[in-house]
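What follows is a short report on a single structure.
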Amino acid sequence: MAAPGRGRTRRELIPPVLAVPVVVLGALVAGVALRASSGGEDDARTGAAAVPCAEALAFGAAERPAGADARDCTVQRGIDTSYSAVLRMPREDVRGWLRTTYPDAPEPRTGGGVRGALRLEVTHENGLPGTAEAHVVQVRVENENAETALVRFSAFTM
């Protein structure tokens, strides 16, 4: 004959054992929901945080060109630091701004994209000013229309 209460003890253990995974899963779901609804300036997908555009450009030893609209300026920090900015500016001013900002850099490359694209990559070895905190600056330019260029600026450490 089985000892009284022995089977009952096993049944009593089942709810607490099942409750642990439910509580853990609930905490995870609540954490994800809080993170998604936090509304902070950090982009949860990329870890990018909004920064003033002057800060993003200065990291690569650049300034906002006259007549340019700067926006979508971000920084990502981790092992390396990466700043980015998007500028809209008069097409006719792009090459002059690049020459003034990076006078010792090679000429921008053309092609390799759509809409009259220009590409420039500058490092300390090929013309990046010593004042730059970045190790590399990359500039990609696309012509939006006859008057306006879209400039994607990226400056980062390696």
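The values are calculated or read from the model by the stated rules, or taken from the named source; none is laboratory data. None of the values given here were measured: they were computed from a predicted structure. All Cβ positions, glycine included, derive from the backbone under ideal geometry; neighbour counts span all protein chains shown. In case anyone asks, the SASA skips ligands and DNA or RNA and just uses the protein heavy atoms, side chains included. Shrake-Rupley method; radii C 1.70, N 1.55, O 1.52, S 1.80 Å.
A compact table of results
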{"item": "Unique match (being touching a Pro at 6+ places or on another chain (Cβ under 9 Å), open to solvent by 60 Å² or more (accessible area, probe 1.4 Å) and under 22 Å from Phe59 (Cβ atoms)) among Glu121, Glu125, Glu147", "result": "Glu121"}
{"item": "Some residue of segment 91-110 being assigned to a strand (DSSP E or B), farther than 29 Å from Gly47 by Cβ and β-branched (Val, Ile, Thr)", "result": "yes"}
{"item": "Segment 94-118: number of residues that are loosely packed, with under 15 Cβ neighbours inside 10 Å and either touching a Cys at 6+ places or on another chain (Cβ under 6 Å) or of a type outside the set (Ser, Thr, Tyr) (or both)", "result": "13"}
{"item": "Qualifying positions in segment 42-59 - under 13 Å from the mean Cα position of the chain (by Cα), acidic (Asp, Glu) and open to solvent by less than 80 Å² (accessible area, probe 1.4 Å)", "result": "Asp43"}
{"item": "Qualifying position, being modelled with pLDDT of 95 or more and of a type outside the set (A, V, I, L, M, F, W, C), among Thr81, Thr110", "result": "Thr81"}
{"item": "Verdict on Val141 being within 25 Å of Pro52 (Cβ to Cβ), in contact with a helix residue (DSSP H, G or I) (Cβ under 9 Å, 6 or more places away or on another chain) and not acidic (Asp, Glu)", "result": "yes"}
{"item": "Residues satisfying the stated conditions in segment 60-93, i.e. open to solvent by 40 Å² or more (accessible area, probe 1.4 Å) and aliphatic (A, V, I, L, M)", "result": "Ala66, Ile79"}
